[in-house]
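Have a look at the structure below before the remarks.
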Amino acid sequence: MAKRKGSFTMTNLSPLQVERLKYQPKLPSSLASGINHLQSIEGSATQSVANQDEIKSLFKNTYGKPTVTFQTSTDSKSSELRNVGVILSGGQAPGGHNVIAGLYDALKQANPSNNLYGFLGGPSGIIEGKYVEFNDEFINDYRNTGGFDIIGSGRTKLETEEQFQSAWEVCKKLNISAVVIIGGDDSNTNAALLAEWFVAHNAGIQVIGCPKTIDGDLKNEQIEISFGFDTATKTYGELIGNIQRDANSAKKYWHFIKIMGRSASHVALEAALQTQPNITLISEEVEQRKMSLSSIIDYMTDIIVKRSEMGKNFGIAVIPEGLIEFVPELKSMIANLNDIMPSLEKDSKYSNGTDAEKIAIIENSLSSENSSVFKSLPALIKSQLLMDRDPHGNVQVSKIETEKLLISMIETKLSELKKLGKYSGKFSTQSHFFGYEGRCAFPSNFDADYCYSLGFNAFALINFGLTGYLSSVRNLTEPANDWIAGGVPLTMMMNMERRHGEMKPVIKKALVELDGPVFKKLEANREDWALNDRYLFPGAIQYFGPSSVCDITTVTLQLESQAKLASV
């Protein structure tokens, strides 16, 4: 066991952190009544979003369970002694510390003799038996703060018999009867697999998940938003607003801003609705409408030329991180690249070659069509495509400077137009990537409340003996008092997808819906925003002041809630 106490003292805290440590997050009224004064209301049985037969066969013990909702009870429920373990998994998201604080407070409220153990460094901690035991002093240092530094995080996948057995041995050693995994779709797929294994082996250990990802792609009817999305998008919104003010002042640069979101464009879409830039690309739209790279360049160049004719040689373009994987010809090329790279990396001629030699080998290894696409890319992008793979063996899209690819191709296009006498403006650019800036920000009041509620609610699910569930708090556009707490079976969100050449059960990512209210809002305004400077300047996240400023939710959540009410 790693002996550890809180790492901060009042002498090395900023004034804001001193005040944030005092903030008491709000809870739904059901949970605020007390962890031992709840009743569980079961909904109907559930099924997976797709591939029902396959998912059911893989999760024989945890499939088809009902949703649950918690309500206040006049009866007092006794709580047996429980030791609980908690894991932070995957990339950081604002509010993770509050999930742990909410879990800790609920656990101690249920029975002061309960203990909470934090596994260090992500899922590997439960496998290797690396942990800390929390106490009041330790927890209190991290309340309402950003980051995952309380216990650290990691991306180890829980999927092998050996890993499950090791996790069981560690839990038996600590007398742990429940594990909470805080993470995104992959991490909660781990949670589902671990829950099923524990039940199948009569381990007597429950597993509960909590929905985390700033990408906003872990959601459904019961999970309205993943935590961290609110804070991260408000942080990016502030930065984009600042750049828009600068661009509108200097009037000489086009700013190309790549923003977090590999598999879905929720972050780019939300940031655009907060700030109203001139150009916003949405990956899902590019894929559905089969937009080629050249058509994207034509679209962006047309706006740049029109603004130049208006005397505006400046503007803002927001680009989702994963765009390159949604452009049909690039998607095909990257898929081909992902398929051939494992064997190439085992070839000494490739692995020991220079970049130029590696590029030549790849060009000869790809299919003719994909090779042509690869050859057309700037040298910088080719080199970035050859970087180390991600844990799934795929190209690390975040390392590909898509914004610079677009700038380079637009410069070429404008040069051609200039020769034809169709463009006479100036095209000076600045490129940005907003990613890490938002992942560990001080959580907004919304995320502070939401995360604390998710953690508190996770223990309620444990207290009712449930396993294989995801902590759910919904009705989030209403005041926190009116939020609805409960849980949904993890298998309800799953489908089968190909990973490393095999079909695997995974939680299905929620992508931007082009017929949904959020994208429709952008679509209705993008032509106006392209030429007329309707910039909005959200400013910094506010923690103190009127609720109308401090407790506002994202535009995404508001629009989706309004659409849901309208459909009732």
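The numbers here are math on the coordinates, done by the rules we state, and not lab data. Computed from a prediction, not measured in an experiment: that's the story for all the values here. No Cβ is skipped: glycine too gets one built from the backbone with ideal geometry, and neighbour counts run over all protein chains shown.
For the stretch 213-283, the alpha carbon convex hull comes to 78 Å³ per residue, rounded to a whole number.
Counting 0.36 nm for each residue step from Glu411 to Asn532 and taking away their Cα separation leaves a gain of 41.3 nm. Each residue, Leu16 and Cys550, gets one label point 7 Å from its Cα in the Cβ direction; the gap between the two is 1.5 nm.
State log₁₀ I(q)/I(0) for the stretch 141-295 at q = 0.12, 0.17 Å⁻¹ as given by the Debye formula over alpha-carbon point scatterers of equal weight, solvent excluded. So the normalised log intensities are -0.71, -1.07. Across all C-alpha atoms in the stretch 289-363, the radius of gyration and Dmax reach 18.3, 56 Å. Compute the label zone of Ile340 within the stretch 362-403: residues whose backbone N is under 11 Å from the point 7 Å along Cα-to-Cβ. 362-375, by backbone N distance to the label point. Per-peptide packing, taken as the mean over residues of other Cβ atoms within 10 Å, places 36-46, 148-158, 223-233 in the sequence 223-233, 148-158, 36-46 from highest down.
Which of rounded, prolate or oblate describes the stretch 420-568 when judged by the alpha-carbon gyration tensor and an a/c cut-off of 1.5? Prolate, since a/c reaches 1.5 and a/b exceeds b/c. Across the stretch 229-336, Cα-Cα pairs farther apart than 19 Å form 47% of the total. Here the stretch 411-436 is scanned for amide nitrogen atoms under 13 Å from the site 7 Å beyond the Cα of Asp246 along Cα-to-Cβ, giving 429-434. Summary value for the chain: 23 percent relative contact order, contacts being C-alpha pairs under 8 angstrom separated by 6+ residues.
Taking label positions 7 Å along the Cα-Cβ direction at both Ser73 and Asn135, the computed distance is 3.3 nm, reported to one decimal. Spatial offset of the stretch 298-358 relative to the stretch 96-160 amounts to 39 Å, using the alpha carbon center of each. What the Kirkwood sum gives for the stretch 296-429 is a hydrodynamic radius of 16.5 Å, with every pair of different alpha carbons counted.
Provide the net charge surrounding Glu513, with neighbours chosen by a C-beta distance below 10 Å and charges set as Lys +1, Arg +1, Asp -1, Glu -1. Let's see the in-between values first.
On the way: positive: Lys520; negative: Glu284, Asp515, Glu560.
Surrounding charge for Glu513 is -2.
Each of Glu437 and Asn61 was given a label point 7 Å from its Cα along the Cα-to-Cβ line. The distance between the two points is 4.7 nm.
To the nearest ten degrees, helix 555-567 and the longest principal axis of the Cα atoms of the chain are 70 degrees apart. When the Cα gyration tensor is reduced to axis lengths a ≥ b ≥ c, the ratio a/c is 1.5 or higher for the stretch 359-441, and with a/b not above b/c it is classed as oblate. Grab every C-alpha pair in the stretch 97-148, bin the distances at 5 angstrom width from 0 up to the longest one, and report whole percents. For the stretch 97-148, the pair-distance distribution reads 4, 19, 27, 25, 17, 7. Computed over the stretch 166-233, the P(r) curve from all C-alpha pair distances, binned at 10 Å from the origin, holds 21, 42, 23, 13, 0 percent per bin. The per residue volume of the convex hull around the alpha-carbon atoms of the stretch 14-156 is 161 Å³. Partners of Lys418 within straight-line reach, counting lysines whose Cα lies under 17 Å from its Cα and excluding those fewer than 8 residues away in the same chain: Lys306, Lys312, Lys426.
Computed on the Cα trace of the chain, the radius of gyration divided by the Kirkwood hydrodynamic radius gives Rg/Rh = 0.99. May I have the count of lysine pairs in the stretch 1-156 with C-alpha atoms under 29 Å apart, counting pairs 8 or more residues apart or located on different chains? Going through the stretch 1-156 pair by pair, I get 15.
Would you kindly calculate the translational diffusion coefficient of the stretch 460-545, applying Stokes-Einstein with the Kirkwood radius from alpha carbon pairs, for 25 °C and a viscosity of 0.890 mPa s, and quote it in µm² s⁻¹ without decimals?
137 µm²/s
Below 17 Å, Cα to Cα, which aspartates and glutamates can Lys399 reach? Residues fewer than 8 away in the same chain don't count. Hits, sequence-local ones excluded: Asp215, Glu321, Glu325, Asp355, Asp388, Asp390, Glu437.
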